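Asker: Here it is: the structure, laid out below.
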Amino acid sequence: MQVELVDIHKQYGAVKANDGVSLTVAPGELHGILGENGAGKSTLMKILAGFTARTSGSVRVDGKPVDYRTTAAAADLGVGMLYQDPLDFPQLPVIDNFILGQAGTISLSRNAFKARFQDQADSFHFRLNPEALVNSLTVGERQQLELLRLLALGIRLLILDEPTTGISAAQKEVLYSALRRLAAEGKSVLLVSHKLEDVEALCDRVTVLRLGRVTGSMARPFDTEGLLRMMFGTPPHTPTRSAQPAGNAVLMMDRVSSPGGRSGLVDCSVAIRQGEVVGLAGLEGSGQDVFLRVAGGLKPPQAGSVHLSGQSMCDFNYHNFNKLGVFFLPSARLEEGLIPELTITEHVALQDERRAFRVPYQAAAEDAAQRIEKFRIKGSPQTPVEELSGGNQQRLLLSFLPPDPRLLLLENPTRGLDLESVNWVWQHLQSYSRKGTCIVFSSPELDEILMVAGRVLVFFNGRVIMDAAAAATDVQKLGRALAGKV
Amino acid sequence: MVSKDSAGHLIILPQLREVLLTVGVVFGFASLLLIIAGAPPLEAYYHLFLGSLSSWVKFTHVVKVWIPLTLCACGLLFTFRIGLWNIGVEGQVMIGSVFTTWVLRAGGDSPDMGPVFIVLSLAAAALGGALWAAVAGFLKTKGGVNEIFAGLGLNFVAQGIVLWLIFGPWKQPGVASMSGTETFPATLWLNAPALLRIPPVALALVVAALVATGLMLRYTRIGLDLKAVGRNPGAAFLYGLKPSRLMVLAMLFAGGFAGLAGNLQVTAVYHRLIPAISSNYGYLALLVVMLANYNIWLVAPVAFFFACLNVGSIQLPMMLQLDSSLGGVIQGALVLATLGMHGWRRIKQTQAEGHAVPSPGKL
Amino acid sequence: MTELDVSIIIAGVIAGAAPIVLAVIGETITEKAGLINLSLDGSILLAAMASFVVALKADSLLAGFVAGALVGAAVAAAVAVFSIFLRQNQVAVGFVLTLLTRDLAYFLGNPYSRLQGPQTAPVPIPGLDQIPFLGPVLFNHPLPVYFSVVLIGVCWWYLYRTSPGLKLRAVGENPKAAYARGINPWNVQVFYAVCGGLLVGLSGATFALCTKPGWGRPQGAEGTGWIALALVIFGGWHPLKAAIGAYLFSFLQLMGIYFQGWLPAVPSQVFQVAPFPLMIFTLLIMSLAQNESVRRWAAQHGRAAALLRFLSGMAPASLGRPFRPD
């Protein structure tokens, strides 16, 4: 079926997420939607999928205008979406997730559905256990489940929102061959991504979005330079890797194990030296986040020991770790790192070390104004932090770090940020590492890790299976390691 | 607040309009109930308001309700700020009364030391209420028990303790009675000048509580910390705050204020321990704070209004053979209607911003 | 009185637990879909009053039960509407309603206080009630009691063996994902809030027309709502476990009466109040069971681990937080 988006506008208060977007998807086409974070791709797709309502504009299916405002209606027309954050039911088994949303009888005919499920999974070479709970699956496996479910609903236009983030190279291949097969069967596929290579590898045609508008469209064969220009305007400059002076060990983990995520952290022994920039790679839930939290004193290890500059840290308390110069920045900025409804001034006042009984709001407001200027945050001291954009929130969080920490633990620091903010963040962090601070960060983007880190640790099922210098490895090797193949 | 537009029509500020609408709906509802109950609504309202404001004596009764109610409400502002539902405030009042009675009983033999014992009893009451609140606080922070259930359970336990004391160790000489313990001698009463009929000490306490609460929450470290933890305890931890400690601190404040309220019930109102010493003021204070929208300025007037309803509804059984819980119905309905009004405003705002709103019907 | 007649005790426990089971199952359904109905204690009273008055005036037990159920449903619907569509805090709304409905019950029920009204009678099941020992214990109860027992099984079957039950659980776990699949999570939550409310209303009616017949101030049902809320947590949001909790509670209440007789020196307040600290204690145990260090210890002690697994139950992930689109 052919789908057209005509002059779509989406307004959120003062923000225009989509500003007059038009595009056409032909039947059996593998169509890529390319753009950096914040370009409006996800919003557009959510409108197409019926998850969000458009402000104005129209959608046409096979030439006829349609007006649907719900996902159910979209599914009836054959439009379905695989969301970036899997929208499934982690506490329920795979088979129940498959069944939910499909028409059926009152009595749950699990066996009939199981048979159908198994057939479909086998035909795509997906290996999924129907009785397993979804929270034990990797992101790639959850995607496969979702794909099967949408196909069972008779979807003819499949939208995938950033599907290649957080899956291994092998899983990507499996996904791509499944998508090519669907296209061959006459179904249309919309692949939304900010990763040029992924879009180039799969798609027949690419539409590029920037700041809510279409800046261009291209068919195979692709001109990479041209696409980059459409994505960014001027070619972006990327941060470079900083030199690694060898220093003393700052963080020493000895056979540390701790539960958490899918696999927890198992028997981890790692030493981080002064001035190192270490990137933690791995599928989501493979132990990187647990590593960061144990290293930061937010989680006690079940086994093993942690030493900071030779000092044994048995009494696990983040505040003590702070005193030794260790700081942690969570990836969920608003949910875990900032306090909604409090203004920037109040956040500054909160961190006042003197902790005077009467809060010096005046001084805090001045301090806040200084930070806003120095870090170029778009906001005023009285702005509540939830009103700041993601990039500005990250700048604010970074502004709260002391001038010379010993160890910075960052969970996915550039999550959801546009390129300008990403560059700024790395420039800022690299200024720390030049002064001798260790930086340990996790990221689902292998390119980012190779770009800025001097050393890479790959986590698989809770263990560090690869510990290499960034210069000595590449994306392919890392991609295989993510799936456990070293 | 009220102005005219170009055509000369009165424009009343939207908030005022909302308040009037809310009050109108509630009194309409109450009138309906009165009709169902077979009583003439206007007469009932007449008795309600007359019962509370028609004479100086009646007015002092209202003030005697207003004082403990406002004290409890001040304490609750601390726990609400940190996001706790301190349902246990009722029990904290009772334990405050218990500690008060315990101290005053020790002072029965020394009439000259009256004022000293009264001051001691105030301290003991605050301490007792705070400790009782701390139990609920620790059950939450160390035991993971939701403060609603912990508070509720402790309320029942406190009530049990009060009853046991009245019918057991502290019973009146002779036969234990529902009317409470033996009345304290006048030397242990909080003094009220004959014409004023309200102890100035009590008034001073309330005013001090309101001022202290307002200043603390707005200008001090504690106020900021409580607010931060209330909005996001996990993030607050990353900023060096200790959420568990702050939660217990908030409970201590709430319990302390509630304990003082309990003390005044004994020293200024009943002059003994009675089974219903807390008179539901704890639960009512929760409603007061909700209706006042957690705003210190509105606490005193709202509490006053509720106190009028409380005192006025006592007339109803006598005058119209109605149950006095009509007062409670009006209070509850007011809070509910206000919540509804807030919700309505929020829906309109959300839609105006272009966001979707939950709606019934087929998706 | 001081003799322990086991058959009387068992029969007493089952009969006494009937209204509690109804309330607990009703609230389990509601919370499984993601909504907390904190107004339970007051709704039960209001439903009790309504059912008594209607039964009295219409001289019909059936009308009484229907009235009670409808009242319970109406209050639950109010909680659902206020929290889902008007976006108010569920705990706040539930708390206000618990006070409001209680005061409403006392106010409107005033003229009917201490009146003699219709009461259910035991309905022996022909044949089964002749079985020695089990017969009179299990098969000679009023209809509401049979209903409460059957309800447990029906609820379990519905939740875990049917499609609508799966939908219910899904909405409670992740309403956003349900929304993405074309299920209207708000409809589902309102629907099951009302269903749960119907059962809560029946609980009140059972009090007024069966277990503690009549109306007054107090009625005798006071406090049950709070216990029911705690029992839902105790039961790990699972109907079978929650029902076991209800029977356990009824047993303890009955035992309290016996203990009072054996220990006249202990003040009566202790027995009246005892359920509530017990409730706190069980909640404490439940939440400690979720504690990491406790789990680690139990992993080494086989039987403790089994007990822990029995006790543990995860709250529906979205409990108390209605989904906001976009």
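Asker: Looking only at the stretch C:85-122, how many residues end up being surrounded by fewer than 19 Cβ atoms within 10 Å (Cβ to Cβ) and among the polar types (S, T, N, Q)?
Answerer: Total satisfying the criteria: 4.
Asker: Let me ask something else about it. Select from the stretch A:455-475 the residues that are part of a loop (DSSP other than H, G, I, E, B), touching a Ser or Thr at 6+ places or on another chain (Cβ under 7 Å) and over 18 Å from residue A:258 (Cβ atoms) and list them in ascending order. Give the steps one after another, and end with the answer.
Answerer: Taking the stretch A:455-475 first, the residues part of a loop (DSSP other than H, G, I, E, B) are A:461-462, A:473-474.
When the remaining residues are screened for being touching a Ser or Thr at 6+ places or on another chain (Cβ under 7 Å), the result is A:461-462.
Hits for the stretch A:455-475: nothing passes.
Asker: Out of the residues in the stretch B:323-350 meeting the condition of being among the polar types (S, T, N, Q), more than 7 Å from chain C (Cβ to nearest Cβ) and without any contact (Cβ under 8 Å) to a residue 40 or more places away in the chain, tell me which one is surrounded by the fewest Cβ atoms within 10 Å (Cβ to Cβ). Give the derivation first.
Answerer: The initial filter retains those residues of the stretch B:323-350 that are among the polar types (S, T, N, Q), namely B:324-325, B:331, B:338, B:349-350.
Going one step further and asking which of them are more than 7 Å from chain C (Cβ to nearest Cβ), we end up with B:324, B:331, B:338, B:349-350.
Adding the requirement that they be without any contact (Cβ under 8 Å) to a residue 40 or more places away in the chain leaves B:324, B:349-350.
Working: B:324: 19, B:349: 10, B:350: 17.
Residue satisfying both the conditions and the ranking: B:349.
Asker: From the list A:118, A:84, pick out the single residue that is among the polar types (S, T, N, Q) and within 19 Å of residue A:160 (Cα to Cα). Give the steps one after another, and end with the answer.
Answerer: Working: A:118 fails: within 19 Å of residue A:160 (Cα to Cα).
Unique residue meeting the criteria: A:84.
Asker: So which helices (runs of 4 or more DSSP H) stay within the stretch B:28-146 end to end and still have 3 or more residues that are at pLDDT 95 or above and closer than 30 Å to residue B:296 by Cα? Spell out how you get there, then give the answer.
Answerer: Working: elements: B:41-53, B:56-81, B:89-106, B:114-141.
In the stretch B:28-146, the matching helices (runs of 4 or more DSSP H) lie at B:56-81, B:89-106, B:114-141.
Asker: Now for a separate question. Can you name every residue in the stretch C:121-146 that is part of a helix (DSSP H, G or I), touching a residue at least 12 places away in the same chain (Cβ under 8 Å) and not aliphatic (A, V, I, L, M)? Break it down into steps so the answer makes sense when it comes.
Answerer: Step one: filter the stretch C:121-146 for residues part of a helix (DSSP H, G or I), giving C:128-130, C:134-138, C:143-146.
Remaining after also requiring touching a residue at least 12 places away in the same chain (Cβ under 8 Å): C:136-138, C:143-146.
Selection gives C:136, C:144, C:146.
Asker: Another one. Within the stretch C:190-203, is there a residue that is within 12 Å of chain A (Cβ to nearest Cβ), among the polar types (S, T, N, Q) and farther than 16 Å from residue A:104 by Cβ? Full working, then the answer.
Answerer: Applying the first criterion (within 12 Å of chain A (Cβ to nearest Cβ)) to the stretch C:190-203 yields none.
No, every residue in the stretch C:190-203 fails to be within 12 Å of chain A (Cβ to nearest Cβ), among the polar types (S, T, N, Q) and farther than 16 Å from residue A:104 by Cβ.
Asker: Out of the residues in the stretch A:218-263 meeting the condition of being modelled with pLDDT under 75 and surrounded by 12 or more Cβ atoms within 10 Å (Cβ to Cβ), tell me which one is farthest from residue A:419 (Cα to Cα).
Answerer: By that ranking, first place goes to A:245.
Asker: Now, a different point. How many residues does the stretch A:78-111 contain that are farther than 22 Å from residue A:137 by Cα, aliphatic (A, V, I, L, M) and within 30 Å of the chain's Cα centre (by Cα)?
Answerer: Going residue by residue through the stretch A:78-111, those that are farther than 22 Å from residue A:137 by Cα are A:78-79, A:103-109.
In the following step, the residues that additionally are aliphatic (A, V, I, L, M) were identified as A:79, A:103, A:106, A:108.
Imposing the further condition that a residue be within 30 Å of the chain's Cα centre (by Cα) reduces the set to A:79.
Selection size over the stretch A:78-111: 1.
Asker: Looking at the stretch C:220-234 only, could you name the residues that are crowded, with 17+ Cβ neighbours inside 10 Å, part of a loop (DSSP other than H, G, I, E, B) and within 14 Å of chain B (Cβ to nearest Cβ)?
Answerer: Step one: list which residues in the stretch C:220-234 are crowded, with 17+ Cβ neighbours inside 10 Å, which gives C:221, C:223-234.
Then drop every residue that is not part of a loop (DSSP other than H, G, I, E, B), which leaves C:221, C:223.
Within the stretch C:220-234, C:223 is the sole residue that qualifies.
Asker: Give me a count of the residues in the stretch A:96-129 that are in contact with a Lys or Arg (Cβ under 8 Å, 6 or more places away or on another chain), within 12 Å of chain C (Cβ to nearest Cβ) and farther than 13 Å from residue C:162 by Cβ.
Answerer: Summing the residues that are in contact with a Lys or Arg (Cβ under 8 Å, 6 or more places away or on another chain), within 12 Å of chain C (Cβ to nearest Cβ) and farther than 13 Å from residue C:162 by Cβ in the stretch A:96-129 gives 4.
Asker: Looking at the stretch B:241-254, is at least one residue within 12 Å of chain A (Cβ to nearest Cβ), closer than 30 Å to residue A:335 by Cβ, free of Cβ contacts under 8 Å to residues at least 12 places away in the same chain and buried (at least 21 other Cβ atoms within 10 Å of the Cβ)?
Answerer: no
Asker: Filter the stretch B:187-243 down to the residues that are of a type in the set (Gly, Ala, Ser) and not in a helix (DSSP H, G or I), then identify the one that is nearest to residue A:316 (Cα to Cα).
Answerer: Per the stated criteria, the residue is B:240.
Asker: Right, next: Going by the structure shown, is residue C:165 touching a residue at least 12 places away in the same chain (Cβ under 8 Å) and of a type outside the set (Ser, Thr, Tyr)?
Answerer: no
Asker: All but one of (1) in contact with a Cys (Cβ under 7 Å, 6 or more places away or on another chain); (2) surrounded by fewer than 16 Cβ atoms within 10 Å (Cβ to Cβ); (3) under 30 Å from residue B:181 (Cα atoms) hold for residue B:57, so report the exception by its number.
Answerer: The number of the failed condition is (1).
Asker: Among the residues of the stretch C:152-172, write down those that are surrounded by 22 or more Cβ atoms within 10 Å (Cβ to Cβ) and within 15 Å of residue C:246 (Cβ to Cβ).
Answerer: C:155
Asker: Identify the residue in the stretch A:101-116 that is out of contact with any Gly (no Cβ under 9 Å at 6 or more places or on another chain) and not in a loop (DSSP other than H, G, I, E, B) and, among all such residues, is modelled with the lowest pLDDT.
Answerer: A:107
Asker: Still on this model: Out of all the residues in the stretch A:6-29, which are surrounded by fewer than 22 Cβ atoms within 10 Å (Cβ to Cβ), closer than 23 Å to residue A:61 by Cβ and among the aliphatic types (A, V, I, L, M)?
Answerer: Answer for the stretch A:6-29, where residues must be surrounded by fewer than 22 Cβ atoms within 10 Å (Cβ to Cβ), closer than 23 Å to residue A:61 by Cβ and among the aliphatic types (A, V, I, L, M): A:6, A:23, A:26.
Asker: Sticking with this structure for a sec: Here is a list: C:29, C:10. Which entry is β-branched (Val, Ile, Thr), touching a residue at least 24 places away in the same chain (Cβ under 8 Å) and surrounded by fewer than 20 Cβ atoms within 10 Å (Cβ to Cβ)?
Answerer: Details: C:29 fails: surrounded by fewer than 20 Cβ atoms within 10 Å (Cβ to Cβ).
Just one listed residue meets the conditions, C:10.
Asker: Okay, moving on. Give B:317, B:360 a once-over and let me know the one that is over 25 Å from residue B:41 (Cα atoms) and within 13 Å of chain C (Cβ to nearest Cβ). Before the answer, list the steps.
Answerer: On the way: B:317 fails: over 25 Å from residue B:41 (Cα atoms).
Only one candidate qualifies: B:360.
Asker: Let me ask something else. When residue C:128 is evaluated against the numbered criteria (1) touching a Gly at 6+ places or on another chain (Cβ under 9 Å); (2) within 14 Å of chain B (Cβ to nearest Cβ); (3) more than 30 Å from residue C:217 (Cβ to Cβ), which criterion, by number, is the only one it fails?
Answerer: Answer for residue C:128: the failing condition is (2).
Asker: With the checklist (1) over 19 Å from residue B:317 (Cβ atoms); (2) buried (at least 22 other Cβ atoms within 10 Å of the Cβ); (3) within 14 Å of the chain's Cα centre (by Cα) in hand, flag the one item residue B:63 doesn't pass.
Answerer: Residue B:63 satisfies every listed condition except (2).
Asker: Hey, among the residues in the stretch C:83-92 that are more than 19 Å from the chain's Cα centre (by Cα) and either more than 11 Å from residue C:190 (Cβ to Cβ) or small (Gly, Ala, Ser) (or both), which one's nearest to the other protein chains (Cβ to nearest Cβ)?
Answerer: For the stretch C:83-92, the residue satisfying everything is C:86.
Asker: Those residues that are crowded, with 16+ Cβ neighbours inside 10 Å and over 25 Å from residue C:23 (Cα atoms), I need them from the stretch C:242-269; list them, please.
Answerer: Selection gives C:267, C:269.
Asker: Could you tell me whether residue A:450 is out of contact with any strand residue (DSSP E or B) (no Cβ under 7 Å at 6 or more places or on another chain) and surrounded by fewer than 20 Cβ atoms within 10 Å (Cβ to Cβ)?
Answerer: Working: out of contact with any strand residue (DSSP E or B) (no Cβ under 7 Å at 6 or more places or on another chain): yes; surrounded by fewer than 20 Cβ atoms within 10 Å (Cβ to Cβ): yes.
Against the criterion (out of contact with any strand residue (DSSP E or B) (no Cβ under 7 Å at 6 or more places or on another chain) and surrounded by fewer than 20 Cβ atoms within 10 Å (Cβ to Cβ)), residue A:450 qualifies.
Asker: Could you tell me how many of the residues in the stretch B:120-172 are buried (at least 24 other Cβ atoms within 10 Å of the Cβ), more than 7 Å from every other protein chain (Cβ to nearest Cβ) and either touching a Lys or Arg at 6+ places or on another chain (Cβ under 7 Å) or of a type in the set (Val, Ile, Thr) (or both)?
Answerer: 2
Asker: So, in the stretch A:69-95, of the ones that are away from chain C (no Cβ under 11 Å) and touching a helix residue (DSSP H, G or I) at 6+ places or on another chain (Cβ under 9 Å), which residue ends up surrounded by the fewest Cβ atoms within 10 Å (Cβ to Cβ)?
Answerer: Restricting to residues being away from chain C (no Cβ under 11 Å) and touching a helix residue (DSSP H, G or I) at 6+ places or on another chain (Cβ under 9 Å), the top hit is A:84.
Asker: State whether one or more residues within the stretch B:272-283 are away from every other protein chain (no Cβ under 12 Å) and in a helix (DSSP H, G or I). Walk me through how you get there before you give the answer.
Answerer: Applying the first criterion (away from every other protein chain (no Cβ under 12 Å)) to the stretch B:272-283 yields B:272-274, B:276-279, B:281.
Filter once more, keeping what is in a helix (DSSP H, G or I): B:281.
Yes, that holds for at least one residue.
The values are calculated or read from the model by the stated rules, or taken from the named source; none is laboratory data. Because the structure is a prediction, the values reported are computed rather than measured. Here the Cβ is made from the backbone with ideal geometry for all residues, glycine too, and neighbour counts use every protein chain on show.
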